[in-house]
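What follows is a short report on a single structure.
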Amino acid sequence: MKSSQNNPWITHRTEVKYDNPWIRVTHCDVTNPAGGEGIYGVVHFKNQAVGVIPVDDEGFTYLVGQYRYTLGSYEWEIPAGGCPEGENPENTARRELAEETGLVADSLQPLISNMALSNSVTDERAFIYLAENLKHGEASPEETEDLTIKRLPVADAIQMVLNGTITDSMSVAGLLRLAMMVK
């Protein structure tokens, strides 16, 4: 089996099939690495994904619960949102934390930078931060967000990952990274 860091794909034609303010879907006619003719679909996200894990002075974190239309189920996640092009992901983390939970962090520490979320079909990248030295304010979620806020010990949130209650990829990766840091 040969392996190369050079691109073995040949793109013959691309066509945008769908475009909205958040995503663009492109259909590509390609020659694959084995030489076969085929197609590839690419979902381009116009925002980068940013998540934040707030941890208060007592060792508690805050999760947001919401019904996820795409999955058809209620999910528990870390606060997160989209970082528009040209915006610093740290600024997005602060904004999303305040919007979704009402929390304001004096300090943010990067946990994960530039993580590929589903690299077989999308170019979406994620940044995850640890937020500490928290102050409480008032949440102001977007109209598409009907959120429940849950305050719980960090260890309990990590257990929710381990038992499959939390399945969101950014939440799983961020909480497991945090678990490795506190060992």
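The values are calculated or read from the model by the stated rules, or taken from the named source; none is laboratory data. Being a predicted model, the structure only gives us computed values, none of them experimental. Note that we place each Cβ from the backbone using ideal geometry, even for glycine, and neighbour counts take in every protein chain shown.
Structure above, values below:
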quantity: Exclusive hit being of a type in the set (V, I, T) and either free of Cβ contacts under 8 Å to residues at least 12 places away in the same chain or within 18 Å of Q159 (Cα to Cα) (or both), set T70, T92; calculated: T70
quantity: Test result for K150, in the same structural domain as E99 (by TED's automatic domain parsing), under 14 Å from F60 (Cβ atoms) and of a type in the set (D, E, K, R); calculated: yes
quantity: Looking only at the range 133-159, and only at residues there that are closer than 25 Å to R95 by Cβ and of a type in the set (A, V, I, L, M, F, W, C), the one that is surrounded by the most Cβ atoms within 10 Å (Cβ to Cβ); calculated: A157
quantity: Failed item in (1) part of a strand (DSSP E or B); (2) under 23 Å from R24 (Cβ atoms), with G86 passing the rest; calculated: (1)
quantity: Selected residue (criterion: nearest to A80 (Cα to Cα)) from residues of the range 41-67 that are of a type outside the set (A, V, I, L, M, F, W, C), in a strand (DSSP E or B) and in contact with a helix residue (DSSP H, G or I) (Cβ under 7 Å, 6 or more places away or on another chain); calculated: G51
quantity: Test: residue in the range 153-165 that is under 28 Å from R24 (Cα atoms) and within 16 Å of the chain's Cα centre (by Cα); calculated: no
